[in-house]
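Accompanying notes for the structure given below.
The values are calculated or read from the model by the stated rules, or taken from the named source; none is laboratory data. Since the structure is predicted, the reported quantities are computational estimates derived from the model, not experimental observations. In this analysis, Cβ positions are derived from the backbone assuming ideal geometry, glycine residues included, and neighbour counts consider all displayed protein chains. Heavy atoms of the whole protein, side chains included, go into the accessibility calculation; ligands, DNA and RNA do not. Shrake-Rupley method; radii C 1.70, N 1.55, O 1.52, S 1.80 Å.
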Amino acid sequence: MRLPHWESVLNKWLPPLFVLFWVLFAYDKANVLPKLEQRPVGEHLWAQIDRASMALNYYMDDAPLLLPRCHQTSFDDEGITAGEFPLIPYSVSKLYKVFGFNELYHRLLVLFLTLLAVPFAYKLMVVLIGSNWWAAIVTALWFASPNIIFYSFSFLPDGPAMAFVLMALYFLLKPNRSTRDLVVFGLFFAIAGLLKLTSVALILPVLTAFLVQELSLKSFIERLKAILNPTMVALAAIVSWVLYARMVNENHHTFTFLLTPLPPESIRSFLSGFETLFVFKEQYYATGFWWFFSVATIIGLVFVRKADRFLGLSILGLYASFITMFFLLFDKAPTHTYYWVPFQITILFHLAWLFKICLSFPLPKWLSSVVFAGAIVLINYQSIHIHRSIQSRWNHSEEVFAKYHDLEKALGKMGVSYQDRVFSYQDESFNNSLYLMNRKGSVAHAQMNPQRVHNWLDKCNYAVLNDTTILSDPEFKHYFYQQLGQHNQLYVYRLHAQ
């Protein structure tokens, strides 16, 4: 019996353990464990609660998968609406059925699915770079991002979509791929696109580079035949859901989720949007990373003749896709950082391109050691930056919503049931206060069209107010028939409209 070659064993297992260590280190710096138990909070709270609202409604209403709904019922009595394919909210609702309602399960499911990105990013980098250790460095450096970490335990599907994109690309690009691998590629492609439509803009550029990398018509035709069916089936599934979601929204007049492009008004505003995005650069990676990235890219361009053609074509396509999506989603693109979680795969491919160029030279061991040590220092610096960034972003939400965190039981004691409809004032969001109190109804605020406020008051039979100035408004005060109670400086009223 031959003993294993220990150097070979260590080179196989130490690199993934290296990645695991830095992932755990990053989450430790993010202080993630106590955050998992908290109610929705932090940056882009509206977007998080819209998805959490869908999961809670599946649980409360036992709604069918294809008719998702939210707490906002201003235009539809049940709040039926549609956006991304609701695979995650529906799955979360089943966890609620088994374990009881606790948002911890939503966070844990999103975290688990996002973390699938790590092993598949590493495996993909091994394929593309050809070195376990440099693949580990690239994966750890890429994943040590405040943006990825922050949204990996939120309520949004962007992290899971990123993971499924990487899983799809791994099965597309793995050596000795079989027909079965390409079927799996198509399946993961479909899931990624259903979770986040923009995932299509990540897979298609890499798929195009895969088809044309050898600059041979024969190779192009052979590869096209191999991937055509799984690709078309995936795209058909994604397009079918988008068309269905639009039909649901039109039929029920509820447009909670963005399904239409919002391009800039002018080239000047488009460029201004990039300036705004630049201001947020440290929410994606620390300044030190961007300096390294920029200098390394300049050096890479000097030696571009040694660059890997496939990686070069891929990152050109990925950057072109990013700019296109930035244009189409421009109204929100500069400031909505969660949009770009999946697009950080572009950074992963860019790093692979840089390190592949570096490996094309026969580097002396001392220089490799210096590069390796420098990368570790940068990863450590990134992880420390994660702590600062996430602490700031976690506290970035309106304090008023904390008043609603334990309101649900109080409403029950006052006789306001889940079947009742509640008018919530003031709240400029779609679902925030309604979700936190777990009551369906309508939200209104002081800047809203008065006719709409009348409509919402007519449709509801109770009101929860965090601002009582509406009670002295002669146009609306007659609606508020009787005060039922007070909780956390929130005032609960029975309305005339019963």
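Would it be correct to say that residue 433 is in a helix (DSSP H, G or I), of a type in the set (Ser, Thr, Tyr) and open to solvent by 60 Å² or more (accessible area, probe 1.4 Å)? Here the answer is no, as residue 433 does not meet what is asked. Inspection of the range 366-377 finds no residue satisfying the criterion of being open to solvent by 20 Å² or more (accessible area, probe 1.4 Å), in contact with a Gly (Cβ under 8 Å, 6 or more places away or on another chain), touching a residue at least 40 places away in the same chain (Cβ under 8 Å) and not aliphatic (A, V, I, L, M). When residue 236 is tested against the conditions (1) in contact (Cβ under 8 Å) with a residue 60 or more places away in the chain; (2) open to solvent by 20 Å² or more (accessible area, probe 1.4 Å); (3) out of contact with any Pro (no Cβ under 9 Å at 6 or more places or on another chain), the lone failure is (1). One residue stands out in the range 130-156 among those that are of a type outside the set (Ser, Thr, Tyr) and open to solvent by 10 Å² or more (accessible area, probe 1.4 Å): the one that is farthest from residue 282 (Cα to Cα), namely 130. Selection within the range 1-37: residues that are of a type in the set (Phe, Trp, Tyr) and open to solvent by 90 Å² or more (accessible area, probe 1.4 Å). The member of this set that is modelled with the lowest pLDDT is 6. Of all residues in the range 42-63, those satisfying the criterion of being open to solvent by 30 Å² or more (accessible area, probe 1.4 Å) and in a loop (DSSP other than H, G, I, E, B) are 44, 62. Take the residues in the range 262-300 that are hydroxyl-bearing (Ser, Thr, Tyr) and within 18 Å of residue 325 (Cβ to Cβ), then tell me which one is modelled with the highest pLDDT. Top of the filtered list is 284.
State all residues of the range 320-340 that are under 21 Å from residue 206 (Cβ atoms) and either in a helix (DSSP H, G or I) or free of Cβ contacts under 8 Å to residues at least 24 places away in the same chain (or both); if no residue qualifies, say none. Show your work before the answer.
From the range 320-340, those under 21 Å from residue 206 (Cβ atoms) are 320-329, 339-340; that's our starting set.
Across the range 320-340, the qualifying residues are 320, 321, 322, 323, 324, 325, 326, 327, 328, 339, 340.
Inside the range 384-397, residues that are within 20 Å of the chain's Cα centre (by Cα) and either surrounded by fewer than 18 Cβ atoms within 10 Å (Cβ to Cβ) or modelled with pLDDT under 90 (or both) make up a count of 7.
A quick yes/no check of all residues on (1) among the hydrophobic types (A, V, I, L, M, F, W, C); (2) under 26 Å from residue 152 (Cβ atoms):
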position: 287; (1), (2): no, yes
position: 301; (1), (2): yes, no
position: 311; (1), (2): yes, yes
position: 326; (1), (2): yes, yes
position: 335; (1), (2): no, yes
position: 338; (1), (2): no, yes
position: 342; (1), (2): no, yes
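Within the range 64-71, the presence of a residue that is surrounded by fewer than 24 Cβ atoms within 10 Å (Cβ to Cβ) and touching a Ser or Thr at 6+ places or on another chain (Cβ under 9 Å) is excluded.
Okay, residues lined up against (1) open to solvent by less than 10 Å² (accessible area, probe 1.4 Å); (2) within 22 Å of residue 241 (Cα to Cα):
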{"site": "97", "(1), (2)": "no, no"}
{"site": "106", "(1), (2)": "yes, no"}
{"site": "159", "(1), (2)": "yes, yes"}
{"site": "165", "(1), (2)": "yes, yes"}
{"site": "183", "(1), (2)": "no, yes"}
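Checking every residue in the range 454-467 against the condition of being hydrophobic (A, V, I, L, M, F, W, C), in a helix (DSSP H, G or I), over 30 Å from residue 26 (Cβ atoms) and in contact with a His (Cβ under 9 Å, 6 or more places away or on another chain) gives at least one match.
For beta carbons closer than 7 Å, sequence separation of 6+ or different chains, a first residue in the range 295-313 that is under 16 Å from residue 124 (Cα atoms) and surrounded by 12 or more Cβ atoms within 10 Å (Cβ to Cβ) and a second that is of a type in the set (D, E, K, R) and modelled with pLDDT under 95, the qualifying pairs are 308/356; 311/356.
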